[in-house]
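Remarks on the structure that follows.
The values are calculated or read from the model by the stated rules, or taken from the named source; none is laboratory data. What you see is a predicted model; the values in this text were computed from it and never measured. Ideal geometry is used to build each Cβ from the backbone, glycine not excepted, and the neighbour counts take in all protein chains shown. Areas reflect the complete protein model, heavy atoms only, side chains present, ligands, DNA and RNA absent. Shrake-Rupley method; radii C 1.70, N 1.55, O 1.52, S 1.80 Å.
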Amino acid sequence: MVLDADGAASALALWDAALATTWSGPDVWVHGDVAPGNLLLTASRLSAVIDWGCCAVGDPACDLAIAWTTFDGAARDRFRRRLGVDDGTWLRGAGWALWKALVTLEGEPETGRANRDRADGARRTLAALLPG
């Protein structure tokens, strides 16, 4: 089981809240898979973004999932301040992170180190997103 009853209720509340918001700004280019493996660093600074296979035009919230999948609380807060996104966009980004974590946990058997690492990352994401 991915979530207990309380976790499932919290996840559903987050999902419903994210779905209740809408993007009313202009469509923008989105990467679609902003993750550490797609970000290249030189001297600890971002130097390139690779793997544009999921790029599209639309709501920028999908590129915010990294705030929960990769950053801790303080880094997440700095990331949000630097982006300056509105509350609805931030909430939809949390919805994308929730989706990504749940799909990872439900869809991958926990055999092999790579799968365990992905499952552990998904559990950390859920812990960052859901109370308790």
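Calculate, for the chain, the solvent-accessible area per residue in square angstrom, rolling a 1.4 angstrom probe over the heavy atoms of the protein chains. Numbers along the way, then the final one.
On the way: 8260 Å² over 132 residues.
In whole numbers, the chain has 63 Å² accessible per residue.
Suppose R0 equals 35 Å. What FRET efficiency, 1/(1 + (r/R0)^6) with r the Cβ-Cβ distance, do ASP16 and ASP51 give to the nearest 0.05? Provide the component values of the computation, followed by the final result.
Numbers: r = 31 Å, r/R0 = 0.89.
Rounded to the nearest 0.05, the efficiency is 0.65.
Work out how much length SER44 to ALA75 would gain on full extension: take 0.36 nm times their residue separation and subtract the Cα-Cα distance, in nm to one decimal. If you can, show how the numbers build up before the last one.
Numbers: separation 31, 0.36 × 31 = 11.16 nm, distance 1.48 nm.
9.7 nm is the gain from fully extending SER44 to ALA75.
Considering only LEU91, LEU83, LEU105, give the residue with the highest GNM mean-square fluctuation for the chain, with springs between Cα atoms whenever their separation is below 10 Å.
Comparing LEU91, LEU83, LEU105 in the GNM, the peak value goes to LEU83.
Evaluate Rg over Rh across the stretch 1-55, taking Cα atoms for both radii and Kirkwood's formula for Rh.
Values: Rg = 17.0 Å, Rh = 14.7 Å.
Looking at the stretch 1-55, the ratio lands at 1.16.
Once neighbouring chains are kept in place and the probe is 1.4 Å, which whole percent of the accessible area of the chain is contributed by carbon and sulfur?
58
If we restrict to alpha carbons, what Rg and Dmax does the chain come to, in Å?
Calculated on Cα positions, Rg and Dmax stand at 15.1, 45 Å.
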